[in-house]
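For reference, the structure is listed below as structure tokens.
The values are calculated or read from the model by the stated rules, or taken from the named source; none is laboratory data. Please read all numbers here as calculations on a predicted model, not as lab measurements. Because the Cβ atoms are built from the backbone with ideal geometry, glycine has one as well, and the counts that use them run over all protein chains shown.
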Amino acid sequence: MEGTDIELMLGVKAGDEACFERLLAKHRAPVVAFIYRLVHDRGEAEDLAQEAFLRVFRARKSYTPDAKFTTWLYRIATNLALNSLRNGRRRRNDVSVDEAGGEQRPPMDVADPASAIEERLVERERARTIRLAVDALPEKQRTAVLLHKYQDLRYEEIARILGCSESALKSLLFRAYETLRERLEPLVPGLAAPGKGIGT
Amino acid sequence: MSRSCKEIESALLAAVDGRASAGERDRVAVHVAGCATCARRLEDLRGVWTSLDALEAVEPSPAFDARLRERLEAGSRASLWPAWFPARARWAGLTLAMAAAAVALWFSVRPLRHRPAPASVENPADFAVVKNLPVLENYDLLSNFDALSALPGAQTAAPEEQQPVD
Ligand SMILES: [Zn+2]
């Protein structure tokens with residue numbers, strides 16, 4: 001399937017709208033999910049994902065298949081999301097990430113037994129802790145982890161998206177997971193105590 | 001931690017994320033069999049990797065495509081150049097567009113002064129000059145150029161505004 005995106009993009013370039021629809025159908029969900037994990041706001045994530053696709057479409061005439069389509073797409077998406085975060089940081093300064101985050105919270109069913117509600121509360125707390133730990137990573141590490149963990153991309157691609165070498169990416173990722181291990185330790189029972197873990 | 005421990009790190013990562021080659025998997029297996037520290041690191045990494053499954057995501061809303069289409073259509077009307085187009089080039093384009101619009105205005109108004117008939121376009125020489133200005137070939141481009149129409153008095157220069165004067 002390696003050539004498919006490129007073929008579709010060449011179709012878009014040639015004026016075939018159906019090709020754009022197919023690219024959209026394929027990448028819309030992962031791009032929205034990726035941006036959401038960076039900005040934690042659903043409306044903003046959709047807005048930025050649309051902007052990314054708009055930019056792809058507007059640049060179609062000058063498209064040359066010299067890199068993977070996803071590298072290009074995620075590079076645009078990453079830049080948009082990080083810029084939005086930088087610009088929004090002042091705006092959201094005093095609002096806690098929790099409130100501003102708009103985390104997806106399914107309504108609790110009152111008919112649920114108490115144990116189920118408690119279980120869900122624990123789950124939410126767990127998800128929140130993980131989100132805060134990821135958010136606390138330096139920008140580049142955070143982006144690298146999100147691209148590496150959740151997007152179906154090869155090291156080489158992630159490195160190109162972030163503008164670093166593959167070996168630099170791997171050590172960046174290793175450091176990031178090491179930091180996450182320290183922060184998530186209370187949450188993950190099997191994790192080693194600090195000082196005995198990944199990086200030591 | 002030995003040098004070989006440092007060197008095995010990227011293979012540990014690949015062993016956990018599923019991107020490892022067969023060779024990397026073998027190297028990891030051999031190394032952790034003889035190194036308790038890295039066996040532990042591998043387990044820790046696996047624990048972190050799995051715990052990250054709990055990070056939430058969202059699905060695009062059903063209106064995503066319709067909204068994108070709206071923006072695409074609005075964009076093609078309102079914005080002449082994509083956002084990444086260099087600002088300097090945009091100004092060059094603006095200057096060219098204004099000059100072209102002025103020429104268009106002049107050609108459309110001039111014949112009316114001399115010949116009252118609404119024959120401005122029927123003079124083949126005049127029409128050819130206007131038509132051959134590349135920037136004017138795309139009338140949509142000029143008529144929807146909001147930066148141009150925002151200029152005081154520039155409205156009259158937009159080709160779509162040029163109605164024959166009675
Ligand atoms: Zn070792």
Residue list for segment B:1-10, filter: within 11 Å of the ligand (Cβ to nearest atom) and within 14 Å of chain A (Cβ to nearest Cβ): B:Met1, B:Ser2, B:Cys5, B:Lys6, B:Glu7, B:Ile8, B:Glu9
Unique residue being more than 16 Å from the ligand (Cβ to nearest atom), at pLDDT below 65 and not in a helix (DSSP H, G or I) when the list is B:Pro111, B:Pro116: B:Pro116
Helices (runs of 4 or more DSSP H) (entirely within segment A:1-78) containing at least 3 residues that are within 12 Å of another protein chain (Cβ to nearest Cβ): A:17-39, A:42-58
Residue that is surrounded by the fewest Cβ atoms within 10 Å (Cβ to Cβ), among those in segment B:1-27 that are in contact (Cβ under 8 Å) with a residue 24 or more places away in the chain and hydrophobic (A, V, I, L, M, F, W, C): B:Met1
Residue that is nearest to A:Asp152 (Cα to Cα) [pool: residues in segment A:21-49 that are over 15 Å from the mean Cα position of the chain (by Cα) and without any contact (Cβ under 8 Å) to a residue 40 or more places away in the chain]: A:Lys26
Odd one out for A:Gly102 among (1) under 27 Å from A:Arg160 (Cα atoms); (2) modelled with pLDDT under 65: (1)
Sole exception among (1) within 30 Å of B:Ser10 (Cβ to Cβ); (2) in contact with a Phe, Trp or Tyr (Cβ under 7 Å, 6 or more places away or on another chain); (3) at pLDDT 95 or above for B:Trp49, by number: (2)
Scope segment B:28-50; condition more than 11 Å from the ligand (Cβ to nearest atom) and either exposed (fewer than 13 other Cβ atoms within 10 Å of the Cβ) or more than 18 Å from A:Gln151 (Cβ to Cβ) (or both); matching residues: B:Ala29, B:Glu43, B:Asp44, B:Leu45, B:Arg46, B:Gly47, B:Thr50
Residue count for segment B:5-40, restricted to those that are more than 45 Å from the chain's Cα centre (by Cα) and of a type in the set (Val, Ile, Thr): 3
Candidates B:Ala74, B:Ala20, B:Ala15 - the one that is of a type outside the set (Lys, Arg), within 16 Å of the ligand (Cβ to nearest atom) and either over 30 Å from A:Arg120 (Cβ atoms) or within 10 Å of chain A (Cβ to nearest Cβ) (or both): B:Ala15
Any hit, segment B:47-58, residues being of a type in the set (Asp, Glu), part of a loop (DSSP other than H, G, I, E, B) and facing chain A (nearest Cβ under 10 Å): yes
Residues being outside any helix (DSSP H, G or I) and either closer than 15 Å to B:Val48 by Cβ or not assigned by TED's automatic domain parsing to the domain that holds A:Pro186 (or both) - total across segment A:126-167: 2
